[in-house]
Protein chains: 2
Amino acid sequence: MNGAQALLRTLVDGGVDVCFANPGTSEMHFVAALDAVPEMRAVLSLFEGVVTGAADGYGRMADRPAATLLHLGPGMANGLANLHNARRAHTPIVNVIGDHARYHKGFDAPLESDIDALTGWLAGWSRTAKAVDEVGADTAAAIAAALTAPGRCANLVLPADVSWAEGGQAAGVVAPPPPAPVDDDRIAEIARIVRGDEPVVLLLGHGTTREAGLVAASRIATATGVKLFAETFPARIERGAGLPNVERLGYLAEQVQWQLTDVKHLVLVGAKAPVSFFAYPDKASELVPDGCQVHVLSVLGEDGVGALEHLADEVAPGASAVRQAPSRPALPTGPLTPQNWTEVVGALLPEGAIVSDEANTSGLMIPMTTAGAPRHDVLTLTGGAIGQGLPVAVGASVAAPDRPVVCLQADGSAMYTVSALWTMAREGLDVTTIVLNNRAYAILRMELSRVGAEATGPRAGQLLDLSGPDLDFVSLAQGMGVPASRATTAEELAEQFAKALAEPGPHLIEAMVPSLL
Amino acid sequence: MNGAQALLRTLVDGGVDVCFANPGTSEMHFVAALDAVPEMRAVLSLFEGVVTGAADGYGRMADRPAATLLHLGPGMANGLANLHNARRAHTPIVNVIGDHARYHKGFDAPLESDIDALTGWLAGWSRTAKAVDEVGADTAAAIAAALTAPGRCANLVLPADVSWAEGGQAAGVVAPPPPAPVDDDRIAEIARIVRGDEPVVLLLGHGTTREAGLVAASRIATATGVKLFAETFPARIERGAGLPNVERLGYLAEQVQWQLTDVKHLVLVGAKAPVSFFAYPDKASELVPDGCQVHVLSVLGEDGVGALEHLADEVAPGASAVRQAPSRPALPTGPLTPQNWTEVVGALLPEGAIVSDEANTSGLMIPMTTAGAPRHDVLTLTGGAIGQGLPVAVGASVAAPDRPVVCLQADGSAMYTVSALWTMAREGLDVTTIVLNNRAYAILRMELSRVGAEATGPRAGQLLDLSGPDLDFVSLAQGMGVPASRATTAEELAEQFAKALAEPGPHLIEAMVPSLL
């Protein structure tokens, strides 16, 4: 077998059987090898930002990596922003970056560039396949690296001549090391703190915002009175009826300061101490209140869920978790507002939904109005690089084809990676996208005043305005083969959302929601 | 004035009065400063790949830089692919990359990343503004660096706290050094070669494919019989009736080898010796024929046009350039073919047009069918990173608002940066886009066989196929406010193209051209 076949065979044997791809000439042997390794499902996207965002969504839901196939440095560059989000989400991904044949690189052909600079920017694990008889082993190492807790991008650069050479051999699975357990002394120290008289917050980070972690944390809270928060932008949080309902820290510094008022001990569980998303003149970057001590139950890469369970057994042996009761908002009526569209979602969200949430300012009320909806997962914008929502929905649906995916997508961000809609149509993915069209970069209107920029004029305002021409997402979606409709009232949104959920395949609803700001 | 105002004032004073922008929170003071420096025209795009591609098109036509405004590392990452093309085109651009406040960077906020790694990948000139009282001088230095021959990206990282601090001062213009003249000895040596008996080719590269360089080269050819070629992908080539018609080297290695058959001396004028775009098994990467000596008249950064004129005065004192006679193909009839659509363009291309050419395989005949059309400029895909055509058309039109811009755009590549259409509509740009919709990555079908991949199966073929669902570019364009129509016959294309050219503002025509392959 050639190098590409050895790579694909090793991926499949290692449990990586989906590849999101946008290939070029240097990847043609990889493409040709797809027929030799039919267990690999290749999903074509029309832009690498969709490829990488889809791999992120897939990894968050599947707990194992998808592969990506990227064309040289510029192809990887196009995918970097969503890989940045994946890095923040600690999503396991195996990026296969095709490169020129090694003997060709010195000629500085037009597409030549320094791929190592890009993989360096992304961090994670990186290796260049240098010999055809080692590409299988390189691939197995990449899978293991991607899966090593807490999860990361593994970047495997594949020169074309390694890909096409004969003499490849598939490599066996390399098991990633298990996450490190948290030692008893640390558990005991945190137990002492949560049992104390002073106000304590447990901040739940990576890996602990799913059922097992939430239940253990809720038991601790029940027994000791500590408060629970989830990090602001979890990679994946399980919630809804039957699960403990843990509020997330706010996006705005003011919200976090309010949430942490009077807290004396902040215990981090796979989370970082909260910092402001951006700097603002004369405002603090660190959001831990004065007089609050920061403690660490677990760091990234450690077994945070195990630590929470151990701690719960220590401090809350008889306590039960508090689970959210079923509760839905009534279906609202009247013209759409920033609030009532979220009530429609809360009223109709189906059991087992996966919510890809890039609603930004339009989605401020979503956590409240969906808290008692049937159990669902929410995937959030972990790294702040917009254009994640639609691609993550693609990947989540590929990972969980039997679950309905709901993508809540702000208009400005949607345009970064809008061709994800085409992949949804091509693959027949059961994704219902609601685009919140407020015809503005509304979040920047808020930020313009928050950064203390002087009273602004029309020329500044124009850069935050998405009208003139108005984007027509119905037309855009139809142009990519996705059935679409427009809602201007809550009744229309409810009717269209229910209909979309009832039908298989992708749908898009353009919800004309006025800007909050 | 604050740092942002000092930066903008220095840009405008230095002749940089257009900024293609996609801002975020860390750039809000720059945005606010637009009302204080109204000479700066800010052009909003919905994705950074459009921002940077537009700056490339602008610089190629204006011969001076536009600024870009990019949001932190991920924003720059999204713009990198088209900056790669700009780097290959040696286009002057001043990239302003907003960054977190310096004191905020250590907190590893979600959007934090290593911007230096990205500017390093791009190469060019880079600096981080470190003090508000120096940001004006930093900006002046960036402009000078961008304009230093042969032209480059100058990357100025602007921390938010430098942007918002008071105490900025605009800096005066820093003149870039003139391009180095080519010394007499080298001219004399090349004169000896072109006067010799052996076959000589002059390969015209950067800066020499415009009228002055073409005329001097044509005089040399007339007097000495040397053959002329332009590099494969010139940043800008002037051509059409009244100008010397210089054929470009081909994209395929086989074409180049045929073009250079029996050549004994290849003289480079601001060009590189030809290499294959990609490596192929058992094919050479270097395309200089055996037995052909390579000589250098001028390297990048030297005054190639001056050298050609000097050489012409030496070897062709009385010779005139051969100028292309006016000649247009007849308007064809019948269903669209890969050939006849180019005849429609040749028959109707208006005087003074700027052609942004990313037609890829569909455009193979364009150089022939437009050779005798009225004088026009062609901007080509210099770096191979697809998704350039539409953004470059945006920038070219902003730079030359009185000239008609014609964008010849392949379907697959169009989807990379399709939101450029929205900016065309917003700015009312006189751009007529013809999307060649062959429902395939046709170039990859060709490459799949050329790389010697084994007989491929349906799974490989599916990754090169853009049908299912079919992209509807009429619907996409209308969704972004651009009037659009579809042509399936040559008559329809001619009628729609003529109508679009006669009306101001942007238009899109989806030409249903079957794939060559």
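Observations
- Criterion violated by A:Ser397 - all others in (1) away from every other protein chain (no Cβ under 14 Å); (2) in a loop (DSSP other than H, G, I, E, B) satisfied: (2)
- Filter result (out of contact with any Ser or Thr (no Cβ under 7 Å at 6 or more places or on another chain), part of a helix (DSSP H, G or I) and either more than 20 Å from A:Pro150 (Cα to Cα) or without any contact (Cβ under 8 Å) to a residue 60 or more places away in the chain (or both)) within the range A:216-245: A:Ser218, A:Ile220, A:Ala221, A:Ala223, A:Thr224
- Helices (runs of 4 or more DSSP H) enclosed by the range B:1-86 - at least 1 residues per element that are farther than 27 Å from A:Glu112 by Cβ and free of Cβ contacts under 8 Å to residues at least 40 places away in the same chain: B:3-13, B:28-33
- Residue within the range B:182-198 that is surrounded by fewer than 23 Cβ atoms within 10 Å (Cβ to Cβ), of a type outside the set (S, T, N, Q), more than 30 Å from B:Gly291 (Cβ to Cβ) and touching a residue at least 40 places away in the same chain (Cβ under 8 Å) present: no
- Any hit, the range B:417-424, residues being more than 8 Å from chain A (Cβ to nearest Cβ), assigned to a strand (DSSP E or B) and either under 26 Å from the mean Cα position of the chain (by Cα) or at pLDDT 95 or above (or both): no
- Which numbered condition A:Leu260 fails, given (1) within 25 Å of A:Arg87 (Cβ to Cβ); (2) at pLDDT 95 or above: (1)
Okay, residues lined up against (1) touching a helix residue (DSSP H, G or I) at 6+ places or on another chain (Cβ under 6 Å); (2) farther than 30 Å from A:Phe277 by Cα:
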| site | (1), (2) |
| --- | --- |
| A:Ala77 | yes, no |
| A:Val96 | no, yes |
| A:Ala123 | no, no |
| A:Arg127 | yes, yes |
| A:Gly151 | no, no |
| A:Val173 | no, yes |
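- Residue in the range A:90-101 that is in a helix (DSSP H, G or I), farther than 17 Å from B:Gly79 by Cβ and not assigned by TED's automatic domain parsing to the domain that holds A:Gly383 present: no
- Some residue of the range B:504-517 being more than 14 Å from chain A (Cβ to nearest Cβ), in a helix (DSSP H, G or I) and closer than 28 Å to B:Met446 by Cβ: no
- Qualifying residue in the range A:164-178 (condition: assigned to a helix (DSSP H, G or I), within 14 Å of chain B (Cβ to nearest Cβ) and acidic (Asp, Glu)): no
- When the criteria are applied in full, A:Thr119 meets the requirement of being closer than 23 Å to A:Ala140 by Cα, more than 9 Å from chain B (Cβ to nearest Cβ), at pLDDT 95 or above and assigned to a helix (DSSP H, G or I).
- Members of the range A:158-178 found to be surrounded by fewer than 20 Cβ atoms within 10 Å (Cβ to Cβ) and within 32 Å of the chain's Cα centre (by Cα), listed by number: A:Gly172, A:Val173, A:Val174, A:Ala175, A:Pro176, A:Pro177, A:Pro178
- Single match in B:Gly207, B:Gly196 (criterion: more than 27 Å from the chain's Cα centre (by Cα), at pLDDT 95 or above and not aliphatic (A, V, I, L, M)): B:Gly196
- Counted as qualifying within the range A:433-494 are the helices (runs of 4 or more DSSP H) with 3 or more residues that are touching a residue at least 24 places away in the same chain (Cβ under 8 Å) and within 11 Å of another protein chain (Cβ to nearest Cβ), namely A:442-450, A:473-479.
- Residues that are within 14 Å of chain A (Cβ to nearest Cβ) and touching a Phe, Trp or Tyr at 6+ places or on another chain (Cβ under 7 Å) were ranked within the range B:52-72; the one that is farthest from B:Val394 (Cα to Cα) is B:Leu69.
- Leading residue by the ranking (surrounded by the most Cβ atoms within 10 Å (Cβ to Cβ)) among those in the range B:105-128 that are in contact with a Phe, Trp or Tyr (Cβ under 8 Å, 6 or more places away or on another chain) and under 13 Å from B:Leu72 (Cα atoms): B:Leu118
- Given (1) more than 24 Å from B:Gly383 (Cα to Cα); (2) more than 11 Å from chain A (Cβ to nearest Cβ), number of the condition B:Trp125 does not satisfy: (1)
- The range A:210-238, subset out of contact with any Asp or Glu (no Cβ under 8 Å at 6 or more places or on another chain) and among the basic types (Lys, Arg), residue farthest from A:Glu302 (Cα to Cα): A:Lys227
- Of everything listed in (1) on the phi < 0 side of the Ramachandran plot; (2) more than 9 Å from chain B (Cβ to nearest Cβ), the single unmet condition for A:Ala33 is (2).
- Residue match in the range A:82-91 (condition: over 12 Å from A:Cys153 (Cα atoms) and within 12 Å of chain B (Cβ to nearest Cβ)): no
- All positions within the range B:185-194 that are in contact with a helix residue (DSSP H, G or I) (Cβ under 8 Å, 6 or more places away or on another chain) and either among the charged types (D, E, K, R) or not in a helix (DSSP H, G or I) (or both): B:Arg186
- Those residues of the range B:2-28 which are within 11 Å of chain A (Cβ to nearest Cβ) and more than 28 Å from A:Pro469 (Cβ to Cβ), in sequence order: B:Asn2, B:Ala4, B:Gln5
- Yes/no for A:Ala142 being farther than 30 Å from B:Leu287 by Cα and touching a residue at least 12 places away in the same chain (Cβ under 8 Å): yes
- Selected residue [under 25 Å from the mean Cα position of the chain (by Cα), more than 14 Å from chain B (Cβ to nearest Cβ) and among the aromatic types (Phe, Trp, Tyr)] from A:Phe229, A:Phe278: A:Phe229
- Unique match (being at pLDDT 95 or above, closer than 25 Å to B:Val31 by Cα and either of a type outside the set (Val, Ile, Thr) or not assigned by TED's automatic domain parsing to the domain that holds B:Ala221 (or both)) among B:Ala180, B:Ala188, B:Ala149, B:Ala165: B:Ala165
- Residue in the range B:398-411 that is surrounded by 24 or more Cβ atoms within 10 Å (Cβ to Cβ), under 22 Å from B:Asp472 (Cβ atoms) and of a type in the set (Asp, Glu) present: yes
- Of residues in the range B:92-115 being among the acidic types (Asp, Glu) and touching a residue at least 12 places away in the same chain (Cβ under 8 Å), the one nearest to the other protein chains (Cβ to nearest Cβ): B:Asp114
- One residue from B:Gly120, B:Gly106 being of a type in the set (Gly, Ala, Ser), more than 12 Å from the chain's Cα centre (by Cα) and under 24 Å from A:Glu112 (Cα atoms): B:Gly120
The values are calculated or read from the model by the stated rules, or taken from the named source; none is laboratory data. All values reported here derive from a predicted model rather than from experimental measurement. Heads up, the Cβs are rebuilt from the backbone with ideal geometry, glycines too, and the neighbour counts pull from every protein chain shown.
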